[in-house]
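J.: Mind having a look at this structure? Questions to follow.
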Amino acid sequence: MIYLDYQATTPLAPEAREAMLRWLGGPDEADGFANPSSTHKAGRAAAAAVEVARDQVAALLPKGGRVFFTSGATESLNWALFSGAKAKPGGVSGLSIEHAASLQCLERLNAAVLPVDSAGLALAPDEALIPENGIVAIMLVNNEVGTIQPVADFAAAAHAKNGWLLCDAVQGLGRVAIPAEADMIALSAHKIHGPKGIGALWVRDGIDLEPLMFGGAQELGMRSGTVSPALCAGFGVAAALAGERFDRDAEHVERLWSLAMDMLPEWTLNGAASPRYHGNLNVRREGVNGLRLMSDAREVAFSLGSACGSGSGKVSHVLRAMGMSEGDARASIRLGWGRYTTEAQLREGLDAIKDAARLQGVN
């Protein structure tokens, strides 16, 4: 299998896996399986591991905030939006191409929709759509077309009206600069070569949210429930690696982008080429059926869009929000690569996709 679906998830970094093993523990490794809320020596060691991981994740984020561990970015976004809407009751607005984890919350909060252009970039903030004393939700990097959104502009617009800016930075963490202007930032470990089942919400100092869950006062009383030192350790090491390898990973991704663009001259790029994270290539080809292409090129792992929407039969809401026809949206595929993708793998995968397209009569 040639894996070209890095937007859906990324391979676990060997260093992150190694960091997790100690804290999984066994019957003869009390310091590995101890509850970090326990006050005995083993519990304190586990708690220290959680705090080391918290600092490692925080190092990728703006100063002056606190990292709260969650089960993932979906939980973080739900918490930030529903609790934030109570603290800032003036209303909510959000980008039309947000991930479903935000979008479905926004729908339930009757949010105003912030439009994008045909290149998948947010239009300049419209004062009429920015709520007074409310919440504005803007993702950093779109998960389907990779476009980088002007988060700072919307943060300024929100702050001018006494509001908060929530940034979904899932696809941007460790890949592009994290905007210092955000008030809340949602994160996910498994998109940066960490484990699944853990994410975080960064909250700027001075912002008071309601606790997400009650029962044990973990996470400074904000999210009760036993914390997993193993998941935290894996997330922390993955974050530290992302910081250390930021330039190397970016250079590698750029080489792969250039290779893919050279190999797919007949395909049309969906979304702006810049500003964009170049580990995301969303393209279309007239005459191609994307779903059939996935079946015919089954040795290559790629997607039609968000993994959360796979199997629904619906076309991408992102492509439709960009004004694309249903036919063009169904002729589109998303390819994603990163740290562990080799040039040879990408070349072989793209050749297989082109061969599969020829089976549909597309040369």
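J.: Let me cross-check residue 362: its accessible surface, 1.4 Å probe, with only protein heavy atoms counted, in Å² to the nearest 10?
T.: Counting only protein heavy atoms, residue 362 exposes about 10 Å² to solvent.
J.: Could you please put 39, 9, 226, 341 in sequence from largest to smallest accessible area, using a 1.4 Å probe?
T.: Reading off the accessible areas and sorting them downward yields 39, 226, 9, 341.
J.: Give me the net charge for the shell around residue 118: Cβ to Cβ below 12 angstrom, other residues only, Lys and Arg +1, Asp and Glu -1.
T.: Local net charge: -1.
J.: Shifting gears a bit: Greater than 29 Å separation of Cα atoms is the criterion. Which listed pairs, 191/314; 41/86; 161/191, meet it?
T.: Where the Cα-Cα span goes over 29 Å, the pairs concerned are 41/86; 161/191.
J.: In whole Hz and in residue order, list the ³J(HN,Hα) couplings for region 223-232 that follow from phi through the Karplus curve 6.51 cos²θ - 1.76 cosθ + 1.60, θ = phi - 60°; x for Gly and Pro.
T.: 8, 5, x, 4, 7, 8, x, 5, 5, 4
J.: Placing unit charges on C-beta atoms (Lys and Arg positive, Asp and Glu negative, everything else neutral), compute the dipole magnitude of the chain about its Cα centre in debye, rounded to 20.
T.: 420
J.: Same structure, new question: Excluding ligands and nucleic acids, what accessible area in Å² is computed for residue 267 using a 1.4 Å probe, to the nearest 10?
T.: The accessible area comes out at roughly 20 Å².
J.: Only bridges whose two residues both fall in the chain count here: according to DSSP, what percent of them are antiparallel, nearest 5?
T.: Antiparallel: roughly 55 percent of the beta bridges in the chain.
J.: Another one. Using Cα atoms only, what is the angle between the long axis of helix 73-87 and the major principal axis of the chain, expressed in degrees (0 to 90) to the nearest 10?
T.: Helix 73-87 sits at roughly 70 degrees to that axis.
J.: How long are the three semi-axes of the equivalent ellipsoid for region 23-109, computed from the Cα gyration tensor as the root of 5 times each eigenvalue, in whole Å, largest first?
T.: Equivalent ellipsoid of region 23-109: 35, 14, 12 Å, largest first.
J.: For a test of the definition: using alpha carbon positions, the gyration tensor, and the 1.5 limit on a/c, classify region 117-246 as rounded, prolate or oblate.
T.: Judged from the Cα gyration tensor, region 117-246 comes out oblate (a/c at least 1.5, b/c at or above a/b).
J.: Continuing with the same structure: Using a cut-off of 15 Å between beta-carbons, work out the net charge of the residues near residue 199 (Lys and Arg +1, Asp and Glu -1, residue 199 not included).
T.: Summing Lys/Arg as +1 and Asp/Glu as -1 gives +2.
J.: Past the 20 angstrom mark, what percentage of all C-alpha to C-alpha distances in region 169-324 do you count?
T.: 65
J.: Another one. Once the convex hull of the C-alpha atoms of region 208-250 is built, how many Å³ does it hold per residue, rounded to a whole number?
T.: Normalising the Cα hull of region 208-250 by residue number yields 101 Å³.
J.: Next up: How long, wide and thick is the chain, going by the Cα atoms along their three principal axes, in whole angstroms, largest first?
T.: Rounded to whole Å, the extents work out to 67, 55, 35 Å.
J.: Still on this structure: Given 172, 203, 214, which one lies farthest toward the positive end of the charge dipole of region 159-217, if we put +1 on the Cβ of every Lys and Arg and -1 on the Cβ of every Asp and Glu?
T.: 172
J.: Another question, then. Against the longest principal axis of the chain, how steep is helix 151-160, in degrees 0 to 90 to the nearest 10, with axes from Cα atoms?
T.: 50
J.: Next question. Taking the chain as the reference, fit the longest principal axis to its C-alpha atoms, fit the long axis of helix 246-263 to the helix C-alpha atoms, and give the angle between the two in degrees, 0 to 90, nearest 10.
T.: 20
The values are calculated or read from the model by the stated rules, or taken from the named source; none is laboratory data. Keep in mind that this is a model prediction, so the values were computed, not measured. In this analysis, Cβ positions are derived from the backbone assuming ideal geometry, glycine residues included, and neighbour counts consider all displayed protein chains. Areas reflect the complete protein model, heavy atoms only, side chains present, ligands, DNA and RNA absent. Shrake-Rupley method; radii C 1.70, N 1.55, O 1.52, S 1.80 Å.
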